[in-house]
1. So for TRP119, TRP21, what's the accessible-area order with a 1.4 Å probe, most first?
2. If you take the beta carbon distance between GLU28 and LEU250 as r and set R0 to 30 Å, what does 1/(1 + (r/R0)^6) give as a FRET efficiency, to the nearest 0.05?
3. Keeping every protein chain in place, order LEU25, LEU182 by accessible area at 1.4 Å, biggest value first, i.e. largest first.
4. Multiply the residue gap between TRP119 and GLU64 by 0.36 nm, knock off their C-alpha separation, and tell me the result in nm, one decimal place.
5. Once you charge only the Cβ atoms, +1 for Lys and Arg and -1 for Asp and Glu, what is the size of the charge dipole of the range 38-172 about its Cα centre, to the nearest 20 debye?
6. Ignoring ligands, DNA and RNA, how do MET123, MET96, MET283 rank by accessible area with a 1.4 Å probe, largest first?
7. Once label points are set 7 Å from the Cα along Cα→Cβ at both GLU287 and ALA172, what is their separation, rounded to one decimal in nm?
8. Each label point is 7 Å from the Cα along the Cα-to-Cβ direction; what then is the distance between the points at LYS81 and ALA226, in nm?
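The values are calculated or read from the model by the stated rules, or taken from the named source; none is laboratory data. Only a predicted model underlies this, so the values are computations on that prediction, with no experimental measurement involved. Glycine gets a Cβ as well: all are built from the backbone with ideal geometry, and neighbour counts include every protein chain shown. Accessible surface areas use protein heavy atoms only, side chains included; no ligands, DNA or RNA. Shrake-Rupley method; radii C 1.70, N 1.55, O 1.52, S 1.80 Å.
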Amino acid sequence: MHRNTEAEATIPAQLGTLPSWYGDLLGEVKETVAGARLRAQRAVNTELVQMYWQIGKLILARQEQEGWGTKVVGRLAADLKAAFPNQRGFSRRNLMYMHKLARTWPEPIVQQPAAQLPWGHIMLLLDKLDTRPDLDFYATEAVRNGWSRDLLSRFVHQDLHLSQGSAATNFAVTVPEGSAALKDLARDPYRLDFLGLDKHHAEHELEEAIVANMVRFLTELGVGFAFVGRQYPVLIGGEEYRIDLLFYHLKLHRYFVFELKTKDVRPEHVGKLNFYVSVVDKMVRDEERDDPTIGFLVGTRHNKAAVQLALDASNNPLAVTNYSTLSPADRELVPTEEDLNRVVQDAIDAVQPPEPSEPPKPPEPQQAQQAQQAQEP
């Protein structure tokens with residue numbers, strides 16, 4: 001039989017004979033598709049926010065011109081639902097959010113960080129915050145760090161805008177080219193109430209609680225941190241030293257040393273932190289790939305003036321910050337896990353119908369005769 005060699009030449013190579021570079025090609029195509037999908041999702045979201053802002057702008061302008069009340073918004077919501085029955089988002093409540101969006105950002109919304117947020121994030125910000133600088137701060141941070149709505153809510157509740165960058169540091173002198181980015185990480189205080197500790201706890205208990213809640217602790221620190229180790233050992237001249245917590249920042253390409261104190265931070269503690277930072281720089285850091293190590297000293301409180309003098313005397317980039325936990329008095333106001341479980345179970349019991357009881361069994365003949373004799377006079 002005659003074989004068509006030209007046709008055979010066009011058949012794709014089988015899996016076992018693929019060229020060595022095929023895996024790279026597949027990965028690049030996947031990245032391209034994923035990137036296009038993400039950009040499409042962002043474009044759709046931005047268009048939605050832009051539409052909501054324009055509707056809010058129309059409502060706001062007409063209200064200012066005619067001076068009518070909110071009853072018109074209710075009628076507008078009903079008419080829009082009738083005109084676009086398959087499109088959600090035209091409730092009276094949502095229209096009021098659009099009105100507030102246009103009033104808060106009178107300039108084109110596409111130029112603002114909020115335009116890149118999901119609508120649920122924007123509604124949360126409009127509910128919780130009153131001033132434009134605060135709104136812009138959280139919108140910018142949420143976009144930059146990819147915060148979920150729950151995470152955004154928690155940071156708003158913690159007043160992150162008041163603590164971010166407020167810790168005592170020497171970054172401006174030791175790392176002037178990156179001091180702005182690093183200062184964003186230096187919050188004062190760090191909110192560690194989720195650790196479940198009262199004010200009477202030892203440093204090892206603090207470390208254990210942080211490690212047990214590592215995901216939430218990393219979230220509190222900020223995006224980019226990776227956990228390296230607790231009580232990280234380093235051997236110097238035959239003597240072992242241990243670093244409380246060691247992290248690596250994937251974006252900044254730096255190690256971060258965290259020393260924890262359950263008492264007031266004193267200037268001599270800064271010296272110990274400075275020593276550990278130098279140790280990591282010399283013995284752990286890859287000088288060709290990693291920038292100099294950063295040290296954080298975290299305690300219950302500190303004398304800022306004295307600590308700043310100690311920081312100024314160091315050549316290593318250091319920061320000193322506090323952490324806050326719930327006081328015993330505040331903890332008494334928070335329901336325990338048992339309380340929450342009991343409330344949930346009570347709610348379940350309230351909606352479940354009672355199990356039907358079994359009908360009474362007929363009495364045995366002898367029991368029936370005895371009952372009849374007891375009723376006779």
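1. TRP21, TRP119
2. It comes to 0.85.
3. Greatest to least solvent exposure: LEU25, LEU182.
4. Using 0.36 nm per residue and subtracting the Cα-Cα distance, I get 17.3 nm.
5. So the magnitude is around 500 debye.
6. Per-residue accessible area, sorted high to low, gives MET283, MET96, MET123.
7. For GLU287 paired with ALA172, the spin-label model returns 3.0 nm.
8. Modelled inter-label distance: 5.1 nm.
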